[in-house]
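Laboratory data are not the source of any read-out in this text; all were calculated from the coordinates shown. Treat the numbers as computed from the prediction; the structure is a model and nothing was measured. All Cβ positions, glycine included, derive from the backbone under ideal geometry; neighbour counts span all protein chains shown.
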Amino acid sequence: MITEEGMRKILELLLLETPGHSEPDFRGPVNMDFWSREHGPLIAISTNANIIKDLYRHLQTKIILAERG
């Protein structure tokens with residue numbers, strides 16, 4: 001079961017540096033700049049289904065790497 005606290009912990013993991021991520025766009029924090037149309041990477045603002053699948057995969061990897069510390 002997902003709780004507010006559990007979701008907060010997951011979202012906080014997205015703000016951590018993950019230098020071991022294979023994609024450079026995901027090594028820094030996934031914050032407001034990441035999602036910004038002006039400053040963020042193309043993958044964060046795309047509406048293409050395949051790119052959205054890549055976004056999901058990279059966010060999942062980032063969470064896993066951040067959990068490992």
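Quick one: I63 ticks every box in (1) of a type in the set (V, I, T); (2) in a helix (DSSP H, G or I); (3) without any contact (Cβ under 8 Å) to a residue 24 or more places away in the chain except a single one, so which number is it? I63 satisfies all of (1) of a type in the set (V, I, T); (2) in a helix (DSSP H, G or I); (3) without any contact (Cβ under 8 Å) to a residue 24 or more places away in the chain except (3). Within the stretch 56-68, if we keep just the residues that are closer than 18 Å to N31 by Cβ and aliphatic (A, V, I, L, M), the residue that is nearest to the chain's Cα centre (by Cα) turns out to be L59.
Which members of the stretch 33-50 meet the condition of being over 23 Å from R8 (Cα atoms) and surrounded by fewer than 14 Cβ atoms within 10 Å (Cβ to Cβ)? Once the filter is applied, which keeps residues that are over 23 Å from R8 (Cα atoms) and surrounded by fewer than 14 Cβ atoms within 10 Å (Cβ to Cβ), the stretch 33-50 yields R37, E38, H39, L42, S46, T47, N48, A49, N50. Would you confirm, using the coordinates I've provided, whether D25 is surrounded by 12 or more Cβ atoms within 10 Å (Cβ to Cβ), in a helix (DSSP H, G or I) and touching a Gly at 6+ places or on another chain (Cβ under 7 Å)? For D25, the condition - surrounded by 12 or more Cβ atoms within 10 Å (Cβ to Cβ), in a helix (DSSP H, G or I) and touching a Gly at 6+ places or on another chain (Cβ under 7 Å) - is not met.
What residue, among those in the stretch 1-22 that are outside any loop (DSSP other than H, G, I, E, B) and hydrophobic (A, V, I, L, M, F, W, C), is farthest from R68 (Cα to Cα)?
M7
Filtering the stretch 35-55 to residues that are over 17 Å from A66 (Cα atoms) and hydrophobic (A, V, I, L, M, F, W, C) leaves W35, L42, I43, A44, I45, A49, I51, I52.
Scanning the stretch 28-55 for residues that are assigned to a helix (DSSP H, G or I), among the polar types (S, T, N, Q) and within 10 Å of the chain's Cα centre (by Cα) yields nothing.
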